[in-house]
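Each reported figure results from applying straightforward, stated rules to the coordinates on display, with no laboratory input. All values reported here derive from a predicted model rather than from experimental measurement. Cβ sites come from the backbone with ideal geometry, for glycine too, and all protein chains shown count toward neighbours.
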Amino acid sequence: MKKTLMNVKVTIVTNDKNESAGRKVMNGAMSMSRDAKEMQFVEAAPRRPRQRGTKIVDGQLLSMTQNDRGQFRIHTKAIDPRDIPNFAFVLYCEATDAMNKILYK
């Protein structure tokens, strides 16, 4: 798209010729000529969204994820341990259930 605004030629180069009207944010680079008579914006190539860890277990007290390299992570949830009777034992049981789920798929 080319337009002239206040005696400055503005060129916008997008990746999508059929640009949707609802799009508001565009990533890219803007450059201006030395005499400030022309400006050009070139949209950056779209990036694939970063793949997050796949959730394997989502229990009452903890969740377990696996990343793309095959590594596992256990995350405890923000729960007040005083609200759960036998908190340590329940947490231990959930952790062993999660490990058994991995080992004996």
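Quick notes
- Helix 87-103 and the longest principal axis of the Cα set of the chain meet at an angle near 70°.
- Computed E for Leu61/Met26 - FRET, C-beta separation, R0 41 angstrom, nearest 0.05: 0.45
- Per-residue [θ]222 nm for the chain (sum of -39500 (n - 2.57) over DSSP H runs n ≥ 4, rounded to 500): -5500 deg cm²/dmol
- Estimated translational D of the chain in µm²/s (Stokes, Kirkwood radius over Cα pairs; 10 °C; 1.306 mPa s): 84
- Among the lysines of the chain, pairs that are 8 or more positions apart or on different chains and have alpha carbons within less than 26 Å of each other number 16.
- Gain on full extension, evaluated as 0.36 nm per residue between Asp97 and Glu38 minus their Cα-Cα distance, stands at 14.8 nm.
- In the chain, Cα pairs under 8 Å separated by at least six residues give a relative contact order of 16 percent.
- Among Arg73, Arg48, Arg34, the largest mean-square fluctuation in a Gaussian network model of the chain, built with springs joining Cα atoms closer than 10 Å, belongs to Arg34.
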